[in-house]
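J.: Here it is, the structure in full.
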Amino acid sequence: MKLPAPPTAQSFRSPLHHPRVATVLGRWLGVAVLVCFLTGLFSHFQQESPAWLHIPTRPASLYRVTQGLHVLSGTVAVPLLLAKLWTVYPKLFEKPTLKTLLERLSILVLVSALALELFIGYLNTLQWYPWPFPFKQTHYALGWIIVGALLVHIAVKIPVIQWRKEPLPPATTDLTRRGLFRTVAGAATLVGITSVGQSAPPLGPLAVLAPRKPDVGPQGLPVNRTARDAGIDPLTASWRFTVVGPQQLSYTLDQLRQLPQNHSKLPIACVEGWSQGAHWEGIRIRDLLHLCGAPASSRVRVVSMEKGGFYATSELPPQFAADPLTLLALRLNGSELALDHGFPARIIAPNRPGVLQTKWVHRLEVLA
Ligand SMILES: Nc1nc2c(c(=O)[nH]1)N[C@H]1C(S)=C(S)[C@@H](COP(=O)(O)O)O[C@H]1N2
Ligand SMILES: [Mo]
């Protein structure tokens with residue numbers, strides 16, 4: 001029996017594989033990747049702020065928007081990438097020359113880095129890490145690889161993607177180009193609508209792709225890590241909250257409750273994409289700084305009772321410590337903090353990633 005001959009580039013005659021179709025899908029994908037990259041950079045700099053960078057504390061919900069967009073644009077990029085790969089895969093059957101071989105290599109880097117990036121990004125939203133490398137650093141490095149490879153790809157393709165007025169080949173299949181674009185746009189919208197609700201509460205019930213619904217959790221707020229997972233022991237009678245600064249302060253929980261209390265309406269915006277607004281009550285960090293004799297604009301190290309681990313401490317840059325919205329919160333949505341939300345005290349500050357909103361706080365250290 002004779003096997004049929006392998007396909008060649010000429011076997012794919014559908015105009016849906018035309019470079020202009022690839023160009024249109026490439027533009028859509030390019031926009032998604034750009035939004036994802038820029039919002040990702042913002043999130044990175046929030047967590048690793050270099051000394052020269054001054055991150056503003058307002059708008060208070062800025063990080064909620066940028067990180068919601070980050071996860072949304074990454075999710076929407078998945079169907080766009082699949083569609084783009086489908087339009088161009090017949091090119092794989094062209095006989096390579098040295099030039100196209102080099103180009104293919106650069107596209108291989110781009111596609112594999114982007115596919116891996118989107119894949120580990122989505123698994124991160126599920127808090128599932130079935131790999132030996134650190135997620136955060138890898139995710140960040142891949143972002144730069146993608147942008148570099150994308151710039152090379154665009155530069156190589158400039159002659160093809162420039163809009164030319166030459167007529168397109170006539171449609172030969174039942175699915176027209178417009179039909180394909182509608183299908184791809186529909187798929188992208190569908191995955192968008194079924195995930196955006198994790199950060200836009202009115203759409204919460206539709207968010208079947210998202211692991212967390214913004215209003216499901218104790219006190220109407222999701223929990224990212226429970227007290228049990230973090231190994232938090234029950235409070236003992238000797239528990240004290242301390243501030244280490246020019247003077248050292250020490251309070252029992254009742255004494256903390258006697259200090260002047262303030263309100264803030266601020267969201268928790270997790271790097272994993274879910275976010276929810278909440279109403280917080282507690283003591284302004286700048287009031288505590290004042291009480292211990294430190295300037296309101298001091299850098300403050302926040303220490304949790306959690307032992308070890310990436311979330312056990314965080315730092316408030318001076319502008320965040322000084323902001324009147326930044327609280328050592330004791331109450332959430334009208335009642336005492338639930339244990340899983342950080343009882344007896346946690347940090348809540350405007351325009352910050354959830355990872356820095358440290359829970360189960362028992363000490364503040366004023367840094368020089
Ligand atoms: N000590 C400590 N603080 C923590 C965490 C943690 O695991 N340990 N998780 C952080 C993360 S990733 C988020 S998104 C928020 C979530 O707050 P919530 O669980 O009260 O909603 O808490 C932050 N504070
Ligand atoms: Mo988080």
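The values are calculated or read from the model by the stated rules, or taken from the named source; none is laboratory data. Quick caveat: nothing in here was measured; it's all calculated off a predicted structure. No Cβ is skipped: glycine too gets one built from the backbone with ideal geometry, and neighbour counts run over all protein chains shown. Remember, those area values only see protein heavy atoms, side chains included, never the ligands or the DNA or RNA. Shrake-Rupley method; radii C 1.70, N 1.55, O 1.52, S 1.80 Å.
J.: Counting other Cβ atoms within 10 Å, which trypsin sites (Lys or Arg not before Pro) in the stretch 288-356 have at most 12 and lie in a DSSP loop?
T.: Listed in order of number, the matching sites are Lys307.
J.: With unit charges on the beta carbon (Lys/Arg positive, Asp/Glu negative), name the residue among Leu168, Leu25, Leu209 whose Cα is farthest towards the positive pole of the charge dipole of the chain.
T.: Leu168
J.: How many angstrom lie between the Cα centre of the stretch 45-71 and the Cα centre of the stretch 289-368?
T.: 17
J.: Mind running the shape call on the stretch 9-206? Use the C-alpha gyration tensor, a ≥ b ≥ c as the square roots of the eigenvalues: rounded below 1.5 for a/c, prolate if a/b tops b/c, oblate otherwise.
T.: Verdict is prolate for the stretch 9-206.
J.: At q = 0.14, 0.20 Å⁻¹, what log₁₀ I(q)/I(0) does a Debye calculation on the Cα points of the stretch 244-290 give, no solvent, two decimals?
T.: Rounded to two decimals, the profile gives -0.51, -0.79.
J.: Taking the mean number of other Cβ atoms within 10 Å as a proxy for protection, how do you rank 184-196, 244-256 from highest to lowest? All intermediate terms of the calculation are to be shown ahead of the outcome.
T.: Values: 184-196: 17.1, 244-256: 14.0.
Put in order of decreasing packing, that is 184-196, 244-256.
J.: Same structure again: Could you work out the Kirkwood radius for the stretch 272-356, taking every pair of different alpha carbons, averaging 1/r and inverting it, reported in Å?
T.: For the stretch 272-356, inverting the mean 1/r across all distinct Cα pairs yields 13.5 Å.
J.: Now for a separate question. For the chain, the longest stretch holding no GluC sites (Glu not before Pro) located in a DSSP loop with at most 16 other Cβ atoms within 10 Å is which? Can you show the working numbers first?
T.: Values: sites that count: Glu48, Glu94.
Excluding the exposed sites themselves, the longest stretch runs over 95-368.
J.: What accessible area per residue, rounded to a whole number of Å², is obtained for the stretch 9-206 using a probe radius of 1.4 Å?
T.: Working: 11390 Å² over 198 residues.
Per-residue value: 58 Å².
J.: Of the trypsin sites (Lys or Arg not before Pro) in the stretch 125-188, which ones lie in a loop per DSSP and count no more than 12 other C-beta atoms within 10 Å?
T.: The qualifying sites are Arg164, Lys165.
J.: With springs only between Cα atoms under 10 Å, which of Ala312, Ala278, Ala155 fluctuates most in a Gaussian network model of the chain?
T.: Among Ala312, Ala278, Ala155, the largest GNM mean-square fluctuation belongs to Ala155.
J.: State whether the stretch 151-204 is rounded, prolate or oblate according to the following rule on the C-alpha gyration tensor (a ≥ b ≥ c being the square roots of its eigenvalues): a/c under 1.5 gives rounded; otherwise a/b larger than b/c gives prolate, and the remaining case gives oblate. It would help to have the intermediate numbers written out before the result.
T.: On the way: a/c = 4.28, a/b = 1.65, b/c = 2.59.
Oblate is the answer for the stretch 151-204, as a/c is 1.5 or above yet b/c matches or exceeds a/b.
J.: Apply the a/c threshold of 1.5 to the C-alpha gyration tensor of the stretch 188-228 and tell me whether it is rounded, prolate or oblate.
T.: Prolate, because a/c is 1.5 or more and a/b exceeds b/c.
J.: Let me ask something else about it. Magnitude of the Cβ-charge dipole of the stretch 220-367, K/R +1 and D/E -1, about the Cα centre, nearest 20 debye?
T.: That gives a dipole near 140 debye.
J.: Tell me the trypsin sites (Lys or Arg not before Pro) within the stretch 206-260 that lie in a loop according to DSSP and have at most 16 other beta-carbon atoms within 10 Å.
T.: Arg225, Arg228, Arg240
J.: Now for a different question. With everything on Cα atoms, drop me the angle between helix 98-125 and the longest principal axis of the chain, reported from 0 to 90° to the nearest 10.
T.: Roughly 40 degrees, rounded to the nearest 10.
J.: How large is the Kirkwood hydrodynamic radius of the stretch 2-110, counting all unique pairs of alpha carbons, in Å?
T.: On the way: mean 1/r = 0.0586 Å⁻¹.
Radius from the Kirkwood sum: 17.1 Å.
J.: Per DSSP helix of 4 or more residues, -39500 (n - 2.57); summed, then divided by the residues of the chain. What does that give at 222 nm, rounded to the nearest 500?
T.: Value at 222 nm, helices only: -14000 deg cm²/dmol.
J.: More than 39 Å apart: what percent of Cα pairs in the chain qualify?
T.: 31
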